[in-house]
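Written below as structure tokens is the structure these notes are about.
Bear in mind that the values in this text are calculations on the coordinates, not laboratory data. Worth saying up front: this structure is predicted, and the values here are computed from it rather than measured. Reconstructed Cβ throughout: ideal geometry from the backbone, glycine too, with neighbour counts over all protein chains shown.
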Amino acid sequence: MFEAEIKNEVLKEVLTVISTLVDEAKFNFNQQGLQLKVVDPAHVAMADISLSSKAFESYKAQESSLGIDIKKLLDVIKLAKAGDIIKLTHDEEKNSLIVKVSNVTRRMQLVDTTSLSDPKVPNLSLPVKLKLEAQHLSQGIRASESVSDHITLAVTPEGFELSSKGDTDFVNLKLPKDLIKELNCSETVRSMFSLSYFANMIKSVSAGGDVSLSLGTDYPIMMEFEMAEGKGKVKYLLAPRIEGE
Amino acid sequence: MFEAEIKNEVLKEVLTVISTLVDEAKFNFNQQGLQLKVVDPAHVAMADISLSSKAFESYKAQESSLGIDIKKLLDVIKLAKAGDIIKLTHDEEKNSLIVKVSNVTRRMQLVDTTSLSDPKVPNLSLPVKLKLEAQHLSQGIRASESVSDHITLAVTPEGFELSSKGDTDFVNLKLPKDLIKELNCSETVRSMFSLSYFANMIKSVSAGGDVSLSLGTDYPIMMEFEMAEGKGKVKYLLAPRIEGE
Amino acid sequence: MFEAEIKNEVLKEVLTVISTLVDEAKFNFNQQGLQLKVVDPAHVAMADISLSSKAFESYKAQESSLGIDIKKLLDVIKLAKAGDIIKLTHDEEKNSLIVKVSNVTRRMQLVDTTSLSDPKVPNLSLPVKLKLEAQHLSQGIRASESVSDHITLAVTPEGFELSSKGDTDFVNLKLPKDLIKELNCSETVRSMFSLSYFANMIKSVSAGGDVSLSLGTDYPIMMEFEMAEGKGKVKYLLAPRIEGE
């Protein structure tokens, strides 16, 4: 049993994060709220999203897992105007999700959840953690796109560095300590990532937001950020590319 | 003989309606104003437009029929800024239309009108009539586009309903009486239409406008709306798709 | 040796002019500022740009010629926000240009200047000169695009005329004396140009600007305009198409 109302903008934030990784996902609802874990088909990136029942305008749910076609649901919420409330109801009998936006009702068939994975998010202990404005990273990514298809992130006690190296050209984003909101680093770490995956990860952060990054050397990066005014949390994991590969 | 000045915006409104149906049209001018009837190549939709001479800034005309290439004329008015006056003159000798927008003069050859139909608009007696905001219909159309290529309209004494049914999914727009401006319905009627034709029809209404719909069961729909601040009228007819086709 | 800081907008103006003609160009810096001459591959159009050292926020240069990939540099300045200062440094050892935009550093390899021409701009004595708003020309160009691929410019002591003639259609832009800022014409001149080249030339003028045109009969047209608030000058030459060609 699941029946809830949610602001257009909040639902859009959730769907935007997942849509960078998968086309369909298993939405797990229970009394506390929504739990959602997705991994991309190449198993390079993973997102773990939780949205408290308080992020909804109204919320009634017993344990239920709904397989949802992300693109279909994004299409429906495009009908909504800013501030519109979207009503979601699980019709168990017909195995469908009923979505109501103002006077429009959209019934969409659910996807079989047995084919959808519920990936286990690894518990990593990463030595370095920092918090910074996502827009710095966006700028570094855009600069790198004309140079290479991968980037290297390095953190030292002095600051953060994103760099990208092509055959002849080079891009470098340097953020000294004073441009970083929090920096917890006693050793230098350094890992390389796929530029397109990293770009997708950053795209999922709403403009103007902060992100926390946890890193090690040749380890996955973990990016965490809040959504729905703190009533939701996203944990994003991205596997490294090992240099010399 | 035809020579007139018209506001950019008004001419654009007229051309936008026709351009959804035909590439070329026969513009009939007389002392009262412009009369224009077009039918799409598949004979599924038809528009009947009349624009009073009062909708023009200046107007001098004797009976004349001009075959105009709609796209060419739309291209010329793109040169105009908001509020610009466009001057149209028929050069009978050279069989061309002279269009003046600020300092630019564009002479375009007229299309032979013998090849252009002047369709007879059928006089239908449709049992149900209602008036509503066009934007409700736009929302219903956009929601339907991901589900099917046809829609069903139904009117009862209680309200209006637009629905669209795909293999697994379903869209429904319900407008109860209080969201309808005028409702004249003593029997339930229901007809199915091609979604793309219906979408084009609604696109021709300027944003924020009202439309009047007249309907029967398995009958064409007639949509009427005003333009040029009431100095022009559009009657749009769309043939039904018979269910079970 | 070259090291300078320049406003995002000023650098963009310079690059926009050149990018309509070439992909790579030889930027000549000396103590007075930047000198830049480019000719398009077909040798139909040529631009001669000079930017005073005063157009820069800071400027240090000894004679140096840098071969720059225009598109790469345009990509980097896209990272900048309005009002951002861009720092350019020539790294002679590595034969590269270092571009700094806020916290991002972009190192781009320079192009070999021996392959880049430094065209000699001919010294033409053209009998007619006039100054007018570039936007009038833009309107004439847009109107002509649906009619032909060439335009004819004519100047008389009474005014300026741009016309374009297709098989059946015709476009004409007439600017009488009072719509022209300066008119220095004692004889009638008339030349034909390629529409796409002329359009590119006008596109390089910033919106709302004035241009000076110098013309003869079947002679190249010379267009001059200022940039960087008068601290830079562009001279643009376009060869005529001889009528009857």
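If you scan the range C:176-196, which residues turn out to be over 12 Å from C:E161 (Cα atoms) and in contact (Cβ under 8 Å) with a residue 24 or more places away in the chain? It would help to see each step written out before you state the result.
Residues of the range C:176-196 that are over 12 Å from C:E161 (Cα atoms), as a first pass: C:178, C:181-187, C:193-196.
Hits for the range C:176-196 are C:K181, C:E182, C:L183, C:N184, C:C185, C:S186, C:E187, C:F193, C:S194, C:L195, C:S196.
Within the range B:117-128, is there a residue that is surrounded by fewer than 18 Cβ atoms within 10 Å (Cβ to Cβ) and not in a loop (DSSP other than H, G, I, E, B)?
At the first step, the residues of the range B:117-128 found to be surrounded by fewer than 18 Cβ atoms within 10 Å (Cβ to Cβ) are B:117-127.
Remaining after also requiring not in a loop (DSSP other than H, G, I, E, B): none.
Checked against the condition, which is being surrounded by fewer than 18 Cβ atoms within 10 Å (Cβ to Cβ) and not in a loop (DSSP other than H, G, I, E, B), the range B:117-128 yields no hits at all.
If C:T156 passes every condition in (1) under 16 Å from C:L183 (Cα atoms); (2) hydroxyl-bearing (S, T, Y); (3) touching a residue at least 60 places away in the same chain (Cβ under 8 Å) but one, which one does it miss?
Every listed condition holds for C:T156 apart from (3).
Within the range B:34-49, does at least one residue satisfy the condition of being farther than 30 Å from B:Y219 by Cβ, touching a residue at least 12 places away in the same chain (Cβ under 8 Å) and in contact with a strand residue (DSSP E or B) (Cβ under 7 Å, 6 or more places away or on another chain)? Explain how you work it out, then say what you get.
Of the residues in the range B:34-49, the ones farther than 30 Å from B:Y219 by Cβ are none.
No, there is no match, as no residue in the range B:34-49 is farther than 30 Å from B:Y219 by Cβ, touching a residue at least 12 places away in the same chain (Cβ under 8 Å) and in contact with a strand residue (DSSP E or B) (Cβ under 7 Å, 6 or more places away or on another chain).
Which is under 27 Å from B:S96 (Cβ atoms) and either within 23 Å of the chain's Cα centre (by Cα) or among the charged types (D, E, K, R) (or both), of C:D218, C:D178, C:D149, C:D210? Break it down stepwise before answering.
On the way: C:D218 fails: under 27 Å from B:S96 (Cβ atoms); C:D178 fails: under 27 Å from B:S96 (Cβ atoms); C:D210 fails: under 27 Å from B:S96 (Cβ atoms).
Answer to the check: C:D149.
Quick one: would you say C:T114 is in contact with a Gly (Cβ under 9 Å, 6 or more places away or on another chain) and not in a loop (DSSP other than H, G, I, E, B)? Working first, answer last.
Details: in contact with a Gly (Cβ under 9 Å, 6 or more places away or on another chain): yes; not in a loop (DSSP other than H, G, I, E, B): yes.
Taking the combined requirement at face value, the residue satisfies it.
I need the full set of residues from the range A:1-15 which are under 21 Å from A:L116 (Cα atoms) and not in a helix (DSSP H, G or I), in order please.
A:M1, A:F2
Out of the residues in the range C:16-52 that are surrounded by fewer than 19 Cβ atoms within 10 Å (Cβ to Cβ) and of a type in the set (A, V, I, L, M), which is nearest to C:E224 (Cα to Cα)?
C:V44
Just give me the residues in the range C:158-179 being among the hydroxyl-bearing types (S, T, Y) and surrounded by 14 or more Cβ atoms within 10 Å (Cβ to Cβ), in sequence order. If you could, list the steps in order and put the result at the bottom.
Going residue by residue through the range C:158-179, those that are among the hydroxyl-bearing types (S, T, Y) are C:163-164, C:168.
If the condition is that a residue be among the hydroxyl-bearing types (S, T, Y) and surrounded by 14 or more Cβ atoms within 10 Å (Cβ to Cβ), then C:S163, C:S164 are the ones that fit.
Looking only at the range C:119-175, filter to residues that are under 30 Å from C:N28 (Cβ atoms) and touching a strand residue (DSSP E or B) at 6+ places or on another chain (Cβ under 6 Å); which one of those is farthest from the other protein chains (Cβ to nearest Cβ)? It would help to see each step written out before you state the result.
Narrowing the range C:119-175 to residues under 30 Å from C:N28 (Cβ atoms): C:119-126, C:129, C:131, C:134, C:137.
Now restrict to residues that are touching a strand residue (DSSP E or B) at 6+ places or on another chain (Cβ under 6 Å): C:119, C:121, C:126, C:129, C:131, C:134.
On the way: C:P119: 27, C:V121: 32, C:L126: 24, C:K129: 20, C:K131: 16, C:A134: 14 Å.
Among them, the one singled out is C:V121.
Report yes if C:M201 is in contact (Cβ under 8 Å) with a residue 12 or more places away in the chain, assigned to a helix (DSSP H, G or I) and either polar (S, T, N, Q) or surrounded by 13 or more Cβ atoms within 10 Å (Cβ to Cβ) (or both), otherwise no.
Criteria met by C:M201.
Looking only at the range A:95-110, decide whether some residue is hydrophobic (A, V, I, L, M, F, W, C), away from chain B (no Cβ under 14 Å), out of contact with any helix residue (DSSP H, G or I) (no Cβ under 7 Å at 6 or more places or on another chain) and surrounded by fewer than 19 Cβ atoms within 10 Å (Cβ to Cβ).
First, pick out the residues of the range A:95-110 that are hydrophobic (A, V, I, L, M, F, W, C): A:97-99, A:101, A:104, A:108, A:110.
Of the ones still in play, those that are also away from chain B (no Cβ under 14 Å) are none.
The answer is no, given that none of the residues of the range A:95-110 is hydrophobic (A, V, I, L, M, F, W, C), away from chain B (no Cβ under 14 Å), out of contact with any helix residue (DSSP H, G or I) (no Cβ under 7 Å at 6 or more places or on another chain) and surrounded by fewer than 19 Cβ atoms within 10 Å (Cβ to Cβ).
When only residues in the range B:176-198 that are within 14 Å of another protein chain (Cβ to nearest Cβ) and outside any strand (DSSP E or B) count, which is nearest to B:L238 (Cα to Cα)?
We begin by selecting, within the range B:176-198, every residue within 14 Å of another protein chain (Cβ to nearest Cβ); these are B:176-180.
Filter once more, keeping what is outside any strand (DSSP E or B): B:177-180.
Numbers: B:K177: 24, B:D178: 26, B:L179: 24, B:I180: 21 Å.
So the residue we want is B:I180.
Do you know which of the residues in the range A:75-93 that are free of Cβ contacts under 8 Å to residues at least 24 places away in the same chain and part of a loop (DSSP other than H, G, I, E, B) is nearest to the other protein chains (Cβ to nearest Cβ)? Outline the logic, then answer.
We begin by selecting, within the range A:75-93, every residue free of Cβ contacts under 8 Å to residues at least 24 places away in the same chain; these are A:75, A:78, A:91, A:93.
Subset that is part of a loop (DSSP other than H, G, I, E, B): A:78, A:93.
Values: A:K78: 7, A:E93: 14 Å.
So, considering only residues that are free of Cβ contacts under 8 Å to residues at least 24 places away in the same chain and part of a loop (DSSP other than H, G, I, E, B), the one nearest to the other protein chains (Cβ to nearest Cβ) is A:K78.
Mind listing whichever residues of the range A:50-67 are over 22 Å from A:Q109 (Cα atoms) and touching a residue at least 60 places away in the same chain (Cβ under 8 Å)? Spell out the reasoning first.
Of all residues in the range A:50-67, those over 22 Å from A:Q109 (Cα atoms) come to A:50-58.
Once the filter is applied, which keeps residues that are over 22 Å from A:Q109 (Cα atoms) and touching a residue at least 60 places away in the same chain (Cβ under 8 Å), the range A:50-67 yields A:S50, A:L51, A:S52, A:K54, A:A55.
On the given criteria, is B:S214 in a strand (DSSP E or B) and in contact with an Asp or Glu (Cβ under 7 Å, 6 or more places away or on another chain)?
Details: in a strand (DSSP E or B): yes; in contact with an Asp or Glu (Cβ under 7 Å, 6 or more places away or on another chain): no.
Judged against the criteria, B:S214 is not a match.
Condition first: without any contact (Cβ under 8 Å) to a residue 12 or more places away in the chain, away from chain C (no Cβ under 14 Å) and assigned to a loop (DSSP other than H, G, I, E, B). Can you find one or more residues in the range A:227-245 that meet it?
Looking for residues that are without any contact (Cβ under 8 Å) to a residue 12 or more places away in the chain, away from chain C (no Cβ under 14 Å) and assigned to a loop (DSSP other than H, G, I, E, B), one finds at least one in the range A:227-245, hence yes.
From the list C:L74, C:L79, C:L97, which one is under 22 Å from the mean Cα position of the chain (by Cα) and not basic (K, R)? Spell out how you get there, then give the answer.
Working: C:L79 fails: under 22 Å from the mean Cα position of the chain (by Cα); C:L97 fails: under 22 Å from the mean Cα position of the chain (by Cα).
Sole residue among the options that is under 22 Å from the mean Cα position of the chain (by Cα) and not basic (K, R): C:L74.
For the range C:155-182, give me the residue count where each residue is touching a Phe, Trp or Tyr at 6+ places or on another chain (Cβ under 8 Å) and acidic (D, E).
So the answer is 0.
Quick one: A:V147 ticks every box in (1) out of contact with any Phe, Trp or Tyr (no Cβ under 6 Å at 6 or more places or on another chain); (2) closer than 30 Å to C:H90 by Cβ; (3) assigned to a strand (DSSP E or B) except a single one, so which number is it?
With (1) out of contact with any Phe, Trp or Tyr (no Cβ under 6 Å at 6 or more places or on another chain); (2) closer than 30 Å to C:H90 by Cβ; (3) assigned to a strand (DSSP E or B) applied to A:V147, the lone miss is (3).
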